[in-house]
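Report on the structure given below.
The values are calculated or read from the model by the stated rules, or taken from the named source; none is laboratory data. Note that the structure is predicted; figures quoted are calculated from it, not measured. Here the Cβ positions follow ideal geometry from the backbone for every residue, glycine too, while neighbour counts run over all protein chains shown. Please note that ligands, DNA and RNA were not included when accessible areas were found on the heavy atoms of the full protein model with its side chains. Shrake-Rupley method; radii C 1.70, N 1.55, O 1.52, S 1.80 Å.
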Amino acid sequence: MPTTKKEGIYFGLMMCTGMVIVMGIYNMILTGMLGEISFIEGLVQLLSAFIVALLLDLFLVGPFAKKIALSLPFDKSKKIFMILSISFFMVLGMVIFMSLYGVIAAYLTNGLSTDSFLQSYLSTVAKNFALAFPLQLIVMGPLVRFLFMKFVKGETRSMVESV
């Protein structure tokens, strides 16, 4: 897990990249945009979503999720409880904000269907949380932690050992 600000940025970049790619494609499928937009338009949408997600992760959702998780009454020495708690609040916060971003982007791109804005937003939040939480716990969380420990922390260790 990240212990410095620099490591936190690397970890956030890695996590946001994976989650934005999977969730972005998922939302394009749900809205029927995947076959309708060009490859370049899809990349532009993923890149803009990545920028928004990274900013939210680093400056708003991430700090609040950690603060909430650390304030809960459980044994902080148990790493699994910390991972589950932070993951839950991170996913919840990111789904709330990124679903809003997605509904606004869809509205600006295509206009909303017959659903009201609130209906579309709440439906998007439910669908996104249903995928994002298991994706975070089962796939992205373990994968990013593994890659982080191998390449970022491993790099730090080898730098320290060479000194």
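Calculation over all alpha carbon pairs of the range 106-145 in 5 angstrom steps from 0 returns a P(r) of 6, 21, 19, 16, 12, 11, 11, 4, 0 percent.
The length gained by stretching the chain between D75 and I25 to full extension, at 0.36 nm per residue less their Cα-Cα distance, is 14.3 nm.
Each other residue within a Cβ distance under 14 Å of L84 adds +1 if Lys or Arg and -1 if Asp or Glu, for a net charge of +4.
Only Lys, Arg, Asp and Glu count, each charged at its Cβ (+1, +1, -1, -1), so figure out the dipole size of the chain about its Cα centre, rounded to 20 debye. Show your work: numbers first, answer last.
Details: 12 positive and 8 negative charges, 150 e Å.
With only Lys, Arg, Asp and Glu charged at Cβ, the dipole is about 720 debye.
Given a 1.4 Å probe and every protein chain left where it sits, what share in percent of the accessible area of the chain is carbon and sulfur?
Values: 7430 of 10070 Å².
Ligands and nucleic acids excluded, carbon and sulfur give 74 percent.
Identify the residues of the range 1-43 with backbone N under 14 Å of a label point that sits 7 angstrom from the Cα of A126 along the Cα-to-Cβ direction, or state none. Correct set: none at all. Treating the Cα atoms of the range 11-134 as identical point scatterers in vacuum, please give the log10 of the normalised Debye intensity I(q)/I(0) at q = 0.16, 0.17, 0.19, 0.23 Å⁻¹, two decimals. The Debye formula, applied to the Cα set alone, gives -0.79, -0.87, -1.04, -1.39. Put L54, L13 in order of accessible area, highest first, and with a 1.4 Å probe you get L13, L54.
Its alpha carbons give the range 23-83 an Rg and a Dmax of 17.2, 49 Å. Using R0 = 22 Å, the C-beta based FRET efficiency linking K66 and M149 works out to 0.70.
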